[in-house]
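Peer 1: Sharing a structure, written as structure tokens. Questions coming.
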């Protein structure tokens with residue numbers, strides 16, 4: 001997946017809001033005001049920071065050289081994924097959805113019910 005593909009996927013998730021709290025060079029996607037993806041808009045090939053279950057984060061880092069502890073994030077709960085083509089698109093889509101679902105699951109029910117089915 002390219003950076004544009006990742007941006008499009010994040011923007012298409014129900015209730016996702018794109019924001020630029022760190023300046024115009026980093027797109028931040030939030031759900032209910034909580035971040036689930038950070039995408040630097042400069043550099044090549046690009047990367048995305050995604051929230052992740054701590055045990056799974058370690059497993060993904062061991063499995064994929066392009067998955068590292070989250071850059072400028074809580075290393076336990078965030079991964080940085082290089083968009084270098086080494087991870088199958090389906091796996092990267094799953095990681096993005098996992099991040100989104102983690103955030104959704106921790107939102108207050110009243111907020112979650114506005115845009116999320118679970």
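Peer 1: Does residue 43 qualify as being within 20 Å of residue 1 (Cα to Cα) and loosely packed, with under 12 Cβ neighbours inside 10 Å?
Peer 2: On the way: within 20 Å of residue 1 (Cα to Cα): yes; loosely packed, with under 12 Cβ neighbours inside 10 Å: yes.
Criteria met by residue 43.
Peer 1: Looking at the structure I just gave you, is residue 23 without any contact (Cβ under 8 Å) to a residue 24 or more places away in the chain, part of a loop (DSSP other than H, G, I, E, B) and on the phi > 0 side of the Ramachandran plot?
Peer 2: Yes.
Peer 1: State all residues of the range 33-89 that are touching a strand residue (DSSP E or B) at 6+ places or on another chain (Cβ under 7 Å), assigned to a loop (DSSP other than H, G, I, E, B) and closer than 15 Å to residue 99 by Cα; if no residue qualifies, say none.
Peer 2: Hits for the range 33-89 are 52, 70, 73, 75, 77.
Every number here is computed from the coordinates shown, using simple stated rules; none is lab data. Quantities reported herein were computed from a predicted structural model and do not represent experimental measurements. Here the Cβ is made from the backbone with ideal geometry for all residues, glycine too, and neighbour counts use every protein chain on show.
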